[in-house]
Amino acid sequence: MSSIAVPAKLLTVVQLIPALHSGGAERSALEIARALVQAGHRSVVISAGGRLVEQLQAEGSEHITLDLGRKSLRTLGQLGALRRVLRELKPDIVHARSRLPAWLGRWAMKGMAPQPHFVTTVHGLNSPGRYSAILLRGERVIAVSQTMRDFVLSHYPWLEPVKVRVIPRGIDPADFPYGHRPDDAWQKAFFAEYPTLTGAPLLTLPGRGTRLKGHHDAIELLADLKRRGIEARLLLLGVIEPGREAYVAELHELIRLRGVTSQVVLTPPRHDIRDIYAVSALVLQLSNKPESFGRTVIEALSLCRPVLGYAHGGVGELLAELYPAGRVPPGDRERLVERAAELLRVAPPISPLQSYRLIDMQQATLALYDEVAGG
């Protein structure tokens, strides 16, 4: 992978995000933090904390714990603390990646001299309105896909198109090498941990424990395949998270009702996602609402693993460009099971990925920072 260019001007950049547990926005925050450190900048992330903090700090960034994302009046009590932190740090740029932290960041910066530059990233297709519009008030607004850019420009006619930059998410091909297969020791340990997943092709749906991610559709797909006499296993990867206990119980009940208890495994987030993709016959992307991007699509395709997903939002955009055979109409169970059966039988070949590289995303973001800071 190419290296990060050394800038003419060193910056202090503060990223605001609710927490650092898992998710695309969180991973993007870490990837940009890493690039900032590599380029010699000072990188600070402010969040409520989470399992990714250790990695963030190990890679050279600072972390300050403030809960800026909880939708509660108590969160307003963090405003004073945030203002004190920003005045101490004197950042050149404050980069907000979520709506409530963006509101608090804007309020906290009022009256600061010099005034930090304000940059935002719109990671999700949020309901249009005044609350969501805060993410469009940055000096530059990063859209993570063309789908995202079209969405915000269509819903906010006052937004100047020149301010909106498409910087797609990216992956490091070295992290998801084409044709990778995990070694025998990993496979033995993994399937010993989850013996339920042995004996049939593995379908993997990666995604945190929210209804948006389409876990119900994945369970129904497995049951539909079973009714057709097609054996498969299903891994709901990353669904078990703190605070999601009721949702996980709901999924277990649906699994019981559909008679596939012996074919499904639910797990917390894991660090060996590359190896899990590599042993999967299909990687699923079944979000029931359009998503802004779909990083799991490019991760799996980079490894040469077939992806089956709904053709809407950023996922549909990626599949149309990179793997059209994996697209199905959103919510169409009949087409979904038919296409799954086809791909399990004979999946079309996948070419090595030539776009959506992490280094491109990092360099474009740092160039944008340099631009707004007057470098």
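No value in this document is a laboratory result; all are computed from the given coordinates. What you are looking at is a predicted structure, and each value in this text was computed from that prediction instead of being measured. Glycine gets a Cβ as well: all are built from the backbone with ideal geometry, and neighbour counts include every protein chain shown.
Here are the numbers for the structure shown:
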read-out	value
Under-5 Å amide H pairs with S287, H placed in peptide plane, nonlocal only	Y310
Relative contact order of the stretch 184-345, defined on C-alpha pairs under 8 angstrom at six or more residues apart (%)	22
Within a Gaussian network of the chain (alpha carbon springs, distance under 10 Å), most fluctuating of Y277, Y131, Y310	Y131
Of K9/K90; K71/K213; K163/K289, those spanning more than 18 Å from alpha-carbon to alpha-carbon	K71/K213; K163/K289
Dipole of the stretch 184-345 [Lys/Arg +1, Asp/Glu -1 at C-beta], most positive-end residue of F191, I219, P206	I219
Rel. contact order, % - alpha carbon contacts under 8 angstrom, at least six apart, the chain	16
Antiparallel content of DSSP bridges confined to the chain, in %, to 5	0
Full-stretch length increase - N288, A364 - with 0.36 nm per residue and alpha-carbon distance subtracted	24.3 nm
Rounded to whole Hz, the Karplus (6.51, -1.76, 1.60) HN-Hα couplings of the stretch 242-249, x for glycine and proline	x, x, 9, 4, 5, 5, 4, 4
Inter-label distance, nm, simple model (7 Å from Cα along the C-beta direction), A200/S154	3.9
Candidates V346, V265, V141: whichever shows maximal mean-square fluctuation once the chain is modelled as a Gaussian network with Cα springs under 10 Å	V346
Whole-Hz couplings from phi, Karplus 6.51/-1.76/1.60, listed for the stretch 296-302; x for Gly and Pro	4, 4, 6, 4, 5, 5, 4
Nearest-20 debye value, the stretch 184-345 charge dipole, Cβ charges on Lys, Arg, Asp, Glu	160
Longest site-free stretch - the chain; sites: GluC sites (Glu not before Pro), DSSP loop, at most 15 other Cβ within 10 Å	232-375
Within the chain: Cβ-based charge dipole about Cα centre, in debye rounded to nearest 20 (Lys, Arg +1; Asp, Glu -1)	1020
Residue exposure sequence - I230, I219 - by fewest surrounding Cβ within 10 Å	I230, I219
Linear extension gain, K188 paired with T65, 0.36 nm per residue minus alpha-carbon span	40.4 nm
From phi via Karplus (6.51, -1.76, 1.60), per-residue ³J(HN,Hα) for the stretch 178-187 in Hz, x at Gly/Pro	4, x, 4, 10, x, 6, 4, 5, 5, 4
Percent of alpha-carbon pairs separated by more than 18 Å within the stretch 317-372	55
The stretch 157-266 - charge dipole about Cα centre, Lys and Arg +1 at Cβ, Asp and Glu -1, debye rounded to 20	280
Of P290, I93, I273, farthest towards positive along the dipole that unit charges on Lys, Arg, Asp, Glu beta carbons give the chain	I93
For E62, distant residues with modelled amide H under 5 Å away	S43, V44, V45
Residues D332, D92, sorted so that the one with the fewest Cβ neighbours within 10 Å comes first	D332, D92
Among F191, F118, F151: highest mean-square fluctuation, GNM of the chain, C-alpha pairs under 10 Å	F191
Given 16 as the ceiling on other Cβ atoms within 10 Å, longest exposed-site-free region of the chain for trypsin sites (Lys or Arg not before Pro) in DSSP loops	271-375
Listed residue (V119, P168, S132) projecting farthest to the positive dipole end of the stretch 91-193, Cβ model	S132
Rough spin-label spacing in nm, given labels placed 7 Å along Cα→Cβ, for E88 and E342	5.9
Per-residue Cβ neighbour rank within 10 angstrom, fewest leading, W158, W107	W158, W107
